[in-house]
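J.: Sending over a structure as structure tokens; questions will come in a sec.
The values are calculated or read from the model by the stated rules, or taken from the named source; none is laboratory data. Since this is a predicted model, take the numbers as computed values, not measurements. Quick note on the areas: whole protein, heavy atoms, side chains included, nothing else; ligands and nucleic acids left out. Shrake-Rupley method; radii C 1.70, N 1.55, O 1.52, S 1.80 Å.
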Amino acid sequence: MLSQLDQDRSLTAARIMAPKWYYPLNGFLSASVMGLYGKWAAQMNIQSSGEGWSAGISTSIFEAFFDMFWILTLIYVGYLVNAWRKEQIGADYDMIWGFIKPRNAVMWFWWSAFMLVCGIAVASVVVWVLLLQGIPDLPYAIATVVGAIAWFGEHAYDRYFCKLVERGQA
């Protein structure tokens, strides 16, 4: 009976861990959305100049709408991928914004830290756009960091959760 329980835990852990392609895709989607968000925010920035109001970096309103279209498309693709993941994991485990719902203090800290980093990333792009100073490619650097955290952070988070399941602690 105990060996059957160990086998069930191992199968559950294997089901929880996403396929190898999921994590790079998640990182790419996160980085792309953040990079396009930075570009779009810069395009929509309105500055006061001596000659009246002018659009910040925007070359055309069409380009700004095109970027917003891609942002929404990538968000939707991310939603579909996370819905697939939820279906793969099954009804036994709840998910919060693409992550398996935390089960202990370590997981809550990890999840909170990731959400905090994402919030700081969005806020720093907004501040960068409003001030239009500093490093011109800052939104793309932030997008790269967010993508790496989404890729490697979620992979580590899921591995940790799988270890908890295998030990019977989740």
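J.: Skip the ligands, DNA and RNA, and give the accessible area per residue of the chain with a 1.4 Å probe, whole Å². Provide the component values of the computation, followed by the final result.
T.: Details: 10260 Å² over 170 residues.
On a per-residue basis, the chain sits at 60 Å².
J.: Separate question: Taking a ≥ b ≥ c as the square roots of the eigenvalues of the Cα gyration tensor of segment 88-170, is the shape rounded (a/c under 1.5), prolate (a/b larger than b/c) or oblate? If you can, show how the numbers build up before the last one.
T.: On the way: a/c = 3.17, a/b = 2.87, b/c = 1.10.
Taking the square roots of the gyration eigenvalues as a ≥ b ≥ c, segment 88-170 is prolate.
J.: Could you give the angle, 0 to 90 degrees to the nearest 10, between helix 154-167's Cα long axis and the longest principal axis of the Cα atoms of the chain?
T.: Relative to the chain, helix 154-167 is tipped by roughly 20 degrees.
J.: List the lysines whose alpha-carbon lies under 24 Å from that of residue 20, not counting same-chain residues fewer than 8 positions away?
T.: 86, 101, 163
J.: Of 14, 31, 148, which is the most mobile in a GNM of the chain whose springs link Cα atoms less than 10 angstrom apart?
T.: Maximum among the listed residues: 14.
J.: Using a 1.4 angstrom probe and counting only protein chains, how large is the accessible area of residue 163 in Å², to 10?
T.: 100
J.: Same structure again: To test your reading of the geometry: what angle, between 0 and 90 degrees and rounded to tens, separates the Cα axis of helix 138-148 from the longest principal axis of the chain?
T.: So the helix axis and the longest Cα principal axis differ by about 10 degrees.
J.: Hey, another quick one. Rounded to whole Hz and in sequence order, give me ³J(HN,Hα) for segment 18-34 from the Karplus expression 6.51 cos²θ - 1.76 cosθ + 1.60, θ = phi - 60°, writing x for Gly and Pro.
T.: Running phi through 6.51 cos²θ - 1.76 cosθ + 1.60 with θ = phi - 60° gives 6, x, 4, 6, 5, 5, x, 5, 4, x, 5, 4, 5, 5, 5, 4, 5 Hz.
J.: For the chain, give the percent of accessible area contributed by carbon and sulfur heavy atoms, probe 1.4 Å, rounded to a whole number. Let's see the in-between values first.
T.: Details: 7060 of 10260 Å².
Using a 1.4 Å probe with all protein chains present, the chain comes out at 69 percent carbon and sulfur.
J.: While we're looking at this one, here's another question. According to the square roots a ≥ b ≥ c of the eigenvalues of the Cα gyration tensor, what is the shape class of the chain, taking rounded for a/c under 1.5, prolate for a/b larger than b/c otherwise, and oblate for the remainder?
T.: On the way: a/c = 3.79, a/b = 2.62, b/c = 1.45.
Taking the square roots of the gyration eigenvalues as a ≥ b ≥ c, the chain is prolate.
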